[in-house]
Amino acid sequence: MDVLTSGHLYQNTINIINHAAEIAGIDPAIRTRVGKPKRAIMVSVPVRMDDHTVKVFAGYRVQHSQTLGPFKGGIRYHKSVTFSEVGALAMLMTFKNSLLGLPLGGAKGGVAVDSSTLSRNELQSLTRRYTSEISNFIGPESDIPAPDVGTDAQTMAWIMDSYSQEKGYAVPGVVTGKPVEIGGSLGRVGATGLGAIFCLQELLKVLDKPMAGTTIAIQGFGNVGSHAALYAFERGAKVVAVSDVSGGIANEKGINIPKLIEHYSTKKMFKGFSEPHGEITNDQLIATKCDVLIPAALDGAIDKENANSVQAKIVVEGANGPLTTDADLILQKKGIKIIPDILANGGGVIVSYFEWVQDISAFFWDEEEVNANLQKVMQAAFKRVWTFAEKNKIDTRTAAMCVSLKRLEKAMLLRGLYPR
Ligand code: NAD
């Protein structure tokens, strides 16, 4: 094993691929090829800090596969980012895009930095230099980054501008998740959360259960978690607990999510929220008595230590890789239904795809059109996974990977192995 493939998320992902490849009868040569990225780039990102000292951050971009189209995947700023984590997330993007039926490959990027300790100027310098270091490898026809943990629309605007300055003309299609004013798509900000709720609606439909009154606990109150909470609330579900990195709040009667979002957007914390609630820890959030648990923070949030405490009957993986392999098995044994990450959080990349299409055609859609198309793609992907799982009597994570691998295999066999 090398520095790229040694991490736990990478190994977890390889385990899932191998298991699914066995069931789906995937060609052994294809199986070997999909376990490695096409290209992995490691860069140094020197930044002059506000106090005039220079710090050097480690940056990465891993391009896993471009069999189905240009590389596509987010950029993460987090202190625990490693080459291996980025590699695993790049691999997951390939399978997500394949499963969702998008004409895109998979990639991921990251910088090992605690962005909360940097000023806005320092963040901008870091982003522009990181963009410059990887600019030979990205572009609207080759590799299209997007936001992930610790990055947002402003980060994408800086990347788009830096890339465009180097080219000498505006290239909006180089990133997605941009502000609408510079070529972003309506509906992109909330798309991952909305997609997760569309998936949950489909699962509840096949289980013959209503959305209204369903109780939900959500870990992570960032882009994915807060939007999932809002769209669930709007559909009559009761969000009974939410948390962020510093802990959470709960109310078994349901939290007023629009009010909480208003409070959180200015205070950046739950503390001081005026509506009735109790305080909880992240361990208590995972163990909340509820119908649905949505882990929407970081990978590995549910492991063998806390998996047994989960009381929910459904887990919707808003985050990438929120269950370790051990936790996955424990939850399956408990009979918990899981909507796996590559399906559940696909909404972001689906609307990113729509944004890229709009940028290339320079013709923009209204939000209803974006959301209606998002729902259509999510419903079709959910149906493919559910049908495969039912037919083969297997769990949904394996089914999702099987469906994805089969599409990828077909395309790889058609394209063949260059030179021969
Ligand atoms: P974000 O940075 O906006 O929010 C992350 C949230 O998780 C924050 O509320 C943070 O406080 C919380 N958090 C961090 N560490 C935690 C911990 N140890 N315990 C509890 N909470 C913790 O990130 P995001 O964009 O919402 O992404 C969340 C997850 O969803 C990631 O796994 C990401 O890869 C995945 N994802 C995001 C998108 C997207 O469009 N943003 C798309 C697909 C998948």
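Brief remarks on what is shown
- Within the stretch 65-104, the residues that satisfy the criterion of being under 27 Å from F354 (Cα atoms) and over 16 Å from the mean Cα position of the chain (by Cα) are S65, Q66, T67, L68, G69, P70, G101, P103.
- Among the residues of the stretch 197-231, those that are near the ligand (Cβ under 10 Å from one of its atoms) and of a type in the set (V, I, T) comprise I218, V224.
- Selection status of I280, touching a residue at least 12 places away in the same chain (Cβ under 8 Å) and surrounded by 14 or more Cβ atoms within 10 Å (Cβ to Cβ): yes
- Of all residues in the stretch 272-309, those being part of a loop (DSSP other than H, G, I, E, B) and under 22 Å from M401 (Cβ atoms) number 7.
- Residues of the stretch 55-82 satisfying the condition of being in contact (Cβ under 8 Å) with a residue 24 or more places away in the chain, within 18 Å of S115 (Cα to Cα) and more than 16 Å from the ligand (Cβ to nearest atom): F57, A58, G59
- Residues satisfying the stated conditions in the stretch 237-251, i.e. within 12 Å of the ligand (Cβ to nearest atom) and either in a loop (DSSP other than H, G, I, E, B) or not assigned by TED's automatic domain parsing to the domain that holds I197 (or both): V245, S246
- Neighbours by Cβ (under 6 Å, 6+ apart or cross-chain): first from the stretch 245-267, closer than 16 Å to L230 by Cβ and surrounded by 14 or more Cβ atoms within 10 Å (Cβ to Cβ); second modelled with pLDDT of 95 or more and among the β-branched types (V, I, T): I255/V239; I257/V239
- For the stretch 118-161, residues that are within 16 Å of the ligand (Cβ to nearest atom) and β-branched (V, I, T) total 6.
- Among the residues of this structure, A312 does not count as one that is touching a Lys or Arg at 6+ places or on another chain (Cβ under 9 Å), part of a helix (DSSP H, G or I), within 28 Å of M401 (Cβ to Cβ) and touching a residue at least 12 places away in the same chain (Cβ under 8 Å).
- Considering the stretch 162-178, the residues that are in contact (Cβ under 8 Å) with a residue 24 or more places away in the chain and either surrounded by fewer than 22 Cβ atoms within 10 Å (Cβ to Cβ) or assigned to a helix (DSSP H, G or I) (or both) include one that is farthest from the ligand (Cβ to nearest atom), namely E166.
- Count of the stretch 179-196 residues, restricted to those that are within 16 Å of the ligand (Cβ to nearest atom) and either touching a residue at least 40 places away in the same chain (Cβ under 8 Å) or of a type in the set (S, T, N, Q) (or both), is 12.
The values are calculated or read from the model by the stated rules, or taken from the named source; none is laboratory data. The shown structure was predicted, so the numbers you read here are calculated from the model rather than taken from an experiment. We place every Cβ from the backbone using ideal geometry, glycine too, and count neighbours over all the protein chains shown.
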